[in-house]
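*Asks:* Before we start, here is the structure in question, set down as structure tokens.
Each value in this text was obtained by applying a stated rule to the coordinates, not by laboratory testing. Remember, predicted model here, so these are calculated numbers, not experimental data. Reconstructed Cβ throughout: ideal geometry from the backbone, glycine too, with neighbour counts over all protein chains shown.
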Amino acid sequence: MSKVHEAGMDIAIFTYATDEKTVAVRNEYYNKCDYRSTIMERTNKGVLFRSDDGLWSYAYDKNYLVDVLQNGGYKVEVIPFGEIGMAYIGKMKKGGE
């Protein structure tokens, strides 16, 4: 995040929500993709799906991602995106903002 900020750029991050409905949809999808030994973990960062054959898909928790962006010098707007997605728009803070 710091390299983006150093470059003076705004940022947009698109990810999944972390509610139970979204976790169920993602679980069903990954199972249909025939990943081997899919495991879902809730961490302090969000919800991680991983598998023995290389799946590593994180959906970041709203509070975690907002904190990371704000600590990186951004004003953050959180927007639901589709049925299970989230968009985080980080605008660089100017001066005293």
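*Asks:* Given the structure, is residue 88 in contact with a helix residue (DSSP H, G or I) (Cβ under 6 Å, 6 or more places away or on another chain) and of a type in the set (Ser, Thr, Tyr)? Full working, then the answer.
*Replies:* Details: in contact with a helix residue (DSSP H, G or I) (Cβ under 6 Å, 6 or more places away or on another chain): yes; of a type in the set (Ser, Thr, Tyr): yes.
Yes: the conditions hold for residue 88.
*Asks:* Ok, one more. Can you tell me how many residues within the stretch 47-96 are among the charged types (D, E, K, R) and part of a strand (DSSP E or B)?
*Replies:* Of the stretch 47-96, the ones among the charged types (D, E, K, R) are 50, 52-53, 61-62, 67, 75, 77, 83, 91, 93-94.
Among the residues that remain, those that are also part of a strand (DSSP E or B) are: 50, 75, 77, 91.
Residues flagged as among the charged types (D, E, K, R) and part of a strand (DSSP E or B) within the stretch 47-96 amount to 4.
*Asks:* Separate question: Quick check: anything in the stretch 36-46 part of a strand (DSSP E or B), surrounded by 13 or more Cβ atoms within 10 Å (Cβ to Cβ) and in contact (Cβ under 8 Å) with a residue 12 or more places away in the chain? So that I can check it myself, show each step before the final result.
*Replies:* Taking the stretch 36-46 as the starting set, the residues that turn out to be part of a strand (DSSP E or B) are 39-42, 46.
Next, from what is left, pick out any that are surrounded by 13 or more Cβ atoms within 10 Å (Cβ to Cβ): 40, 46.
Then drop every residue that is not in contact (Cβ under 8 Å) with a residue 12 or more places away in the chain, which leaves 40, 46.
The answer is yes, given that some residue of the stretch 36-46 is part of a strand (DSSP E or B), surrounded by 13 or more Cβ atoms within 10 Å (Cβ to Cβ) and in contact (Cβ under 8 Å) with a residue 12 or more places away in the chain.
*Asks:* Scanning the stretch 68-87 for residues that are closer than 22 Å to residue 24 by Cα and in contact (Cβ under 8 Å) with a residue 60 or more places away in the chain, which turns out surrounded by the fewest Cβ atoms within 10 Å (Cβ to Cβ)?
*Replies:* Checking each candidate, the answer is 80.
*Asks:* Another question, if that's okay. With (1) of a type outside the set (Gly, Ala, Ser); (2) in contact with a Gly (Cβ under 7 Å, 6 or more places away or on another chain); (3) surrounded by fewer than 14 Cβ atoms within 10 Å (Cβ to Cβ) as the list, and residue 32 as the residue in question, which single condition is left unmet?
*Replies:* Checking residue 32 against (1) of a type outside the set (Gly, Ala, Ser); (2) in contact with a Gly (Cβ under 7 Å, 6 or more places away or on another chain); (3) surrounded by fewer than 14 Cβ atoms within 10 Å (Cβ to Cβ), the one that fails is (2).
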